[in-house]
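Participant: Questions regarding the structure given below will be posed in turn.
The values are calculated or read from the model by the stated rules, or taken from the named source; none is laboratory data. None of the values given here were measured: they were computed from a predicted structure. FYI the Cβ positions are ideal-geometry reconstructions off the backbone, even for glycines, and counts take in every protein chain you see.
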Amino acid sequence: MPRTRLVWHLFAGWCALVTGVLIASFWLASVRLAEFADAAERRRLADAAAATTGMLTAGGRPADPESFAAAVAGMRAAAGIEVDLLDPAGRRLAGDAAAPLDATAVEQARAGRTTTASRYDVATGRRVLVMAVPHGPPAAATAIVSLRADTTAADVALAAAQRRLLAGSLVCGAAAVAAGLVFARRSARPVLELRRAATQLAAGRVDAPLPATEVAELADIAGAFGLLREQLVESGLTIGRQGTQQQAVLGSMIEGVLAIDARQRVLGINRAAADLLGVDLERIIGRPLQEVIRNPDLRRFALLAIDCREPVEDDLALHGVRDRTIRLRGTALRDASGEGGAVIVLNDVTDVQRLENVRRDFVANVSHELKTPVASIKGFVETLLDGAVDDRADARRFLEIIARQADRLAAIIEDLLALSRIEQVEGAGDLPREQVAFGGVLAAVIADCGPRAAERSLAIETDCPGELMADVNPPLVEQALINLVDNAIKHSQPGRTIRLAAAAEAHDLVVRVADEGCGIEPEHLPRLFERFYRVDTSRSRQQGGTGLGLAIVKHIVQAHGGTVDVASTPGVGSTFTIRLPQERADA
């Protein structure tokens, strides 16, 4: 519906008021002018009647009708008034030839009352004013004087006066209308300024000035706008702070957060969720979920989260270069408008599940590793108790087996304790270090492993600059290298060579242990440093390994802040590489 501006509302009201006042004033003035003109004519006739009655005799009859007619003829010529003298019956006695009075006028004149009547002569098109004046005693008139005057001149003057009145009214009306337009514009200007300020305020320009006005109501409205502006500024700041805090919280969360509406359009997503799902953070907002994430399991979970009143949870498998497992937690959203939606929290539990699998494998392996020597010890002890102790040869053989199993059990427990101690140091981050000549560490390793290598006809070669210094914990590094060299000895054929090399590369100390053994299949390499993990279970146990050596190596290296990896080719050999950062040594 079209709306009219305030200035035109005010102007239209003013014009209606002016028009009404002018019409009423013109009508009243015209009526009064007509009344004044008619009263003037009546007074003129009354004066003429008074002068005429003076010509009559005391008995009420003219002394001489001819002289009376001559006298009134002069009045007709001078004043334009026709005069007749009538008897009480209404018959003309003297005067101008004129139409007789009507019976009503005659009766009222005979009764002593003066009557006046206005008649319109159709033949001449003129208005005539007639007056009947009784002469004689009251209620017993002896004669009636009839006067008749043509009001054409008076009517013409009245019409001219009315035209002048109308012209003056129109001029005054035009001036009033112009003044009203100026008044309307001036009155509407503060409202227009308030509207302009409100529009700027709605557009976000909170610094827009509010108009000052002398009208109390408009001043109150301007004050209310001022309070509203302050509240909007404060609300904007609050919303801005909340938005910034929300973005900071969502951006710093490790868990991914994905918000969708009832039609599965993306309302919001944080960086963690975008990275997990492999989507563009900026281009996904407002688009349908099935369009940007082509995973039917996620879409089904989103529908379930929207429809369910209770939170739902499920795991999602994402396949790619690296398979990942995502735990999904969805909660339905309901707002006042009835629109639905859901918030989905995504958490990458791939490492957690892997660690859980490692934990289960560790428990199973450690139980198996401990169960084997314990069962062997128990079985041979029961055999001895059943009488084998009396057979000296069997008893000695059984006791030797029990001793070996006890040594194996002790070695496993010792390795577990050592691993626990190393993990405590690794978690605390306060590993004691010292600057040492690394050649001495390698010499200690050769001294410990040399006899076992000689027994298997293996040669150990070392390559280490004499001036190489390292910031390490010597006993722990020595233990790690002994474990690596000991593994190389166990898995190398007689006559082969084990190479132990150390060098400074950039800011790292790099130590390599290479053998020419049987090598390791590629599928075993990712789990090689897990506890109790064995490539060849039966062979490892026969060689006396506990299955914890490489795990101890990994944690010793991690306690130093370094890394360890392995490269192996089946039938050719394996190379273990340790990298230890040396910032402190450089400082």
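Participant: Going by the structure shown, is GLN246 within 25 Å of the chain's Cα centre (by Cα), in a helix (DSSP H, G or I), modelled with pLDDT under 75 and not assigned by TED's automatic domain parsing to the domain that holds THR325? Working first, answer last.
Facilitator: Values: within 25 Å of the chain's Cα centre (by Cα): yes; in a helix (DSSP H, G or I): yes; modelled with pLDDT under 75: yes; not assigned by TED's automatic domain parsing to the domain that holds THR325: yes.
Against the criterion (within 25 Å of the chain's Cα centre (by Cα), in a helix (DSSP H, G or I), modelled with pLDDT under 75 and not assigned by TED's automatic domain parsing to the domain that holds THR325), GLN246 qualifies.
Participant: Quick one: count up the residues across region 307-325 that are surrounded by 11 or more Cβ atoms within 10 Å (Cβ to Cβ), hydrophobic (A, V, I, L, M, F, W, C) and at pLDDT below 85.
Facilitator: Here the count works out to 4.
Participant: Determine whether region 176-192 contains at least one residue that is in contact with a Pro (Cβ under 7 Å, 6 or more places away or on another chain), surrounded by 15 or more Cβ atoms within 10 Å (Cβ to Cβ) and assigned to a helix (DSSP H, G or I).
Facilitator: Checked region 176-192: at least one residue is in contact with a Pro (Cβ under 7 Å, 6 or more places away or on another chain), surrounded by 15 or more Cβ atoms within 10 Å (Cβ to Cβ) and assigned to a helix (DSSP H, G or I).
Participant: Show the residue pairs that are 6+ apart or on different chains and have beta-carbon atoms under 9 Å apart, the first residue being within region 394-419 and more than 14 Å from ALA375 (Cα to Cα) and touching a residue at least 24 places away in the same chain (Cβ under 8 Å), the second being among the acidic types (Asp, Glu) and in a helix (DSSP H, G or I).
Facilitator: As it stands, the answer is ILE412/GLU369, since those pairs meet every condition given.
Participant: Consider ARG205 carefully, then state whether it is assigned to a loop (DSSP other than H, G, I, E, B) and among the basic types (Lys, Arg).
Facilitator: yes
Participant: Quick one: which strands (runs of 3 or more DSSP E) lie wholly within region 425-485 and hold at least 3 residues that are hydrophobic (A, V, I, L, M, F, W, C)?
Facilitator: Numbers: elements: 434-437, 459-463, 469-472.
Per the criteria, 469-472.
Participant: Also: Tell me the residue from ARG205, ARG299, ARG195, ARG294 that is over 18 Å from the mean Cα position of the chain (by Cα) and over 30 Å from ILE344 (Cβ atoms), please.
Facilitator: Residue meeting the stated conditions: ARG195.
Participant: Further question on the same structure: Any residue in region 505-520 that is under 59 Å from the mean Cα position of the chain (by Cα), buried (at least 22 other Cβ atoms within 10 Å of the Cβ) and assigned by TED's automatic domain parsing to the domain that holds VAL445?
Facilitator: Checked region 505-520: at least one residue is under 59 Å from the mean Cα position of the chain (by Cα), buried (at least 22 other Cβ atoms within 10 Å of the Cβ) and assigned by TED's automatic domain parsing to the domain that holds VAL445.
Participant: Picking from LEU33, LEU22, LEU85, which residue would you name as being touching a helix residue (DSSP H, G or I) at 6+ places or on another chain (Cβ under 8 Å), of a type in the set (A, V, I, L, M, F, W, C) and modelled with pLDDT under 75?
Facilitator: LEU85
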